[in-house]
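Working notes, structure below.
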Amino acid sequence: MKPDQTNHPQRRWHQFWPWLMVLLVVVFVGAIRIRLLSMPLERDEGEYAYAGQLILQGIPPYELAYNMKFPGTYYLYALGMAFFGQTIAGVHLTLLVANAITIVLVFLLGRKLFGAVGGGVAAASFGVMSVSPAVFGMAAHANHFVLLFAVPATWLLWSAMETGRRRFLFAAGLLYGMAFLMKQQGIFFAVFGGLVLVGRSAAAGSVFAKSFYREASVFIAGTILPLAAFCVVCALGGDFRRFWFWTFTYAHWYATAVPLSEGWQHLCGHLRQSRDLSIGLWIFALAALPLGWWRCRPSILFAGLFWVCSFLATATGFYFRNHYFILLLPAMALLAGATVGLAPSFLNISKFPNVFKSLPLIAFALVLSWMIFYQARFFFQLSPPEVARSLYWMSPVEESVVAGEYLRQHSAPADRIAVIGSEPQIYFYANRKSATGYIYTYALMEEQPMAATMQREMIAEIESRAPLYLVYAPGLLSWLPNKNSSRDIFNWFDRYTKQDYEKEAVIGFDGHGTVTIAGEAGGTNAVREASLEVYRRR
């Protein structure tokens, strides 16, 4: 009779330590997020929080807040704030939970592809980079919620390939569809799933077989179901025309406005900025390709294609904004995990084999330590307002908190307000409905055929609702005008405020903290450019 090996201490330790590593990563990243829980919201967070707040009040997306993003993140914000409260902390606790779940899912996917060591390394890499200021990871951007669905979908896709179970394919498609509903860039993960199915069938010579068409049909059905369901709901109880205009018509123009040459400059700029931080992770990720080709070809081809599609998601529109690269982090982490997981098999040296086999893990620990040390100032030292000021120094992130509280104290819940600029977080802080759906004014300044019409529509909405308060954001980053931008809305604002409003306060940062200056006293000269002017209707 053979002895039972399942309870052997060494075997139990090998099973246990990867989960301990994942737990440490979750606790470490969670501790950073808890320390920065009160960090003021930036614009995108403000948009999602305001839309989520409206949903909790029974107002569907795109009715009082126009934007080109799909609505999935709005609903997740609403769900998170229903549990944690309609506060800054409630928003960031929602992100904390979503990010912690994603870290665990990255580990499970890495373990399935490259073993427990590879999974643990992938989870650690992703966890540290997902909270990095290099990708604005401290803010609850939609990209975090795209990954919340895309990563488990990828795990299910591989499981479907292993087992041949179509229900796994449907579930994978459904989760890819949810990732797409979070933000349009999520479609590239569904494309990845489709390419994997086609590649596997092509390798087996069954592309034209009925089995392939059945599998593809199941996968596609799951993928389109979330968006189709929302379209039906929106057509029955929302404003489908406005939803379609912003998320398809205008979004198509926005995604094709930047030429490839300019996009290349944006990409190079981001790589230069993040080079010192992430060069070690890039080396580990690149090393996985030759190692995996010799030892684990199907898994490395799967992870490599996952990286390509993840990169295409970051490249949408050629803007290459920092937070877009959150979408690339799981693929980068998986490749780094592949290197550490596969390299020991190439280091089977007779003398001191355990020492040589541990070298990849030691090297990764040094790289991870460097990434933490490089970002230590943000992780451990700066206060939440200081982090926000450092990352968004030309935007009124702190001023918006004060403005929102000011409006809340000086108005009734039924009063309307209007923000003349791109600072939707003020609506959320004030918990007041907007007099216009144009919570961003970037589109009004762009060289696109609908800009002038949008300006007129915003003006008409504000005049028809006569809000009690107007908040004017004069900073350039709230408008991003160019030499060809129409100035009509600025001319209108000057006339409108002189006729019907009086300046009640100026809110800005004076070098020591955020201050509120009553009336005309001091003007905007006493505060920085990213100030806010508050006007009350006479």
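Every number here is computed from the coordinates shown, using simple stated rules; none is lab data. Just so you know, these numbers come straight off a predicted model, no measurement behind them. Backbone-built Cβ (ideal geometry, glycine too); neighbour counts: all protein chains shown.
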Report summary line: Where a ≥ b ≥ c are root eigenvalues of the Cα gyration tensor, a/c under 1.5 meaning rounded, otherwise prolate if a/b exceeds b/c and oblate otherwise, the stretch 439-517 counts as oblate
**Report entry** Selected from ILE34, THR256, PRO344, residue furthest toward positive end of dipole (the chain; charges at beta carbon)
**Finding:** PRO344
Query - the stretch 147-217: trypsin sites (Lys or Arg not before Pro) in DSSP loop, at most 15 other beta carbons within 10 Å - result: ARG165
Query raised in the report: Expressed in nm to one decimal, what extension gain is obtained for the pair ALA89 and LYS483 from 0.36 nm per residue of sequence separation less their Cα-Cα distance?
Result: 137.9 nm
Query - Using θ = phi - 60° and Karplus 6.51 cos²θ - 1.76 cosθ + 1.60, couplings along the stretch 429-445 (whole Hz; Gly, Pro as x) - result: 4, 6, 6, 10, 6, 7, 7, 9, x, 7, 7, 10, 10, 4, 4, 6, 9
**Report entry** Gain on full stretching of the segment that runs from PHE245 to ALA365 - 0.36 nm per residue minus C-alpha separation
**Finding:** 38.3 nm
Query raised in the report: What ranking do PHE192, PHE373 get, fewest neighbouring Cβ atoms within 10 angstrom at the top?
Result: PHE373, PHE192
Query raised in the report: Whole number please: convex hull volume per residue of the Cα set in the stretch 393-537, in Å³?
Result: 100 Å³
**Report entry** Neighbour-limited loop hits for chymotrypsin sites (Phe, Trp or Tyr not before Pro), the stretch 388-451 (at most 13 other Cβ within 10 Å; DSSP other than H, G, I, E, B)
**Finding:** TRP393
**Report entry** Helix-only CD estimate at 222 nm, as mean residue ellipticity for the chain, using -39500 (n - 2.57) per DSSP H run (n ≥ 4)
**Finding:** -21500 deg cm²/dmol
Requested in this report: Would you calculate the separation in nanometres between label points at ILE34 and GLU405, each defined as 7 Å from the Cα along the Cα-to-beta-carbon direction?
Outcome: 2.4 nm
Report summary line: When the charge dipole of the stretch 374-415 is computed with +1 on Lys and Arg Cβ and -1 on Asp and Glu Cβ about the Cα centre, the Cα farthest towards its positive end, among SER390, GLY404, ALA414, belongs to SER390
Query raised in the report: Label ALA452 and TYR319 with points 7 Å out from Cα along Cα→Cβ: what is the distance between them in nm?
Result: 2.6 nm
Report task. Starting from the Cα-Cα distance between TRP282 and LEU225, subtract it from 0.36 nm times their residue separation and give me the gain in nm to one decimal. Result -> 16.9 nm
Query raised in the report: For the chain, what is the percent of antiparallel DSSP beta bridges, rounded to the nearest 5?
Result: 75 percent
Query raised in the report: Under a point-charge model restricted to the Cβ atoms of Lys and Arg (+1) and Asp and Glu (-1), what is the dipole moment magnitude of the chain relative to its Cα centre, in debye to the nearest 20?
Result: 2120 debye
Report task. Compute the semi-axes of the equivalent ellipsoid of the stretch 18-381, taking the square root of 5 times each eigenvalue of the Cα gyration tensor, and list them largest first in whole Å. Result -> 33, 27, 18
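Estimate the FRET efficiency between LEU305 and ALA235 by the formula 1/(1 + (r/R0)^6), using the beta-carbon distance for r and 60 Å for R0, to the nearest 0.05.
In this case the efficiency is close to 0.95.
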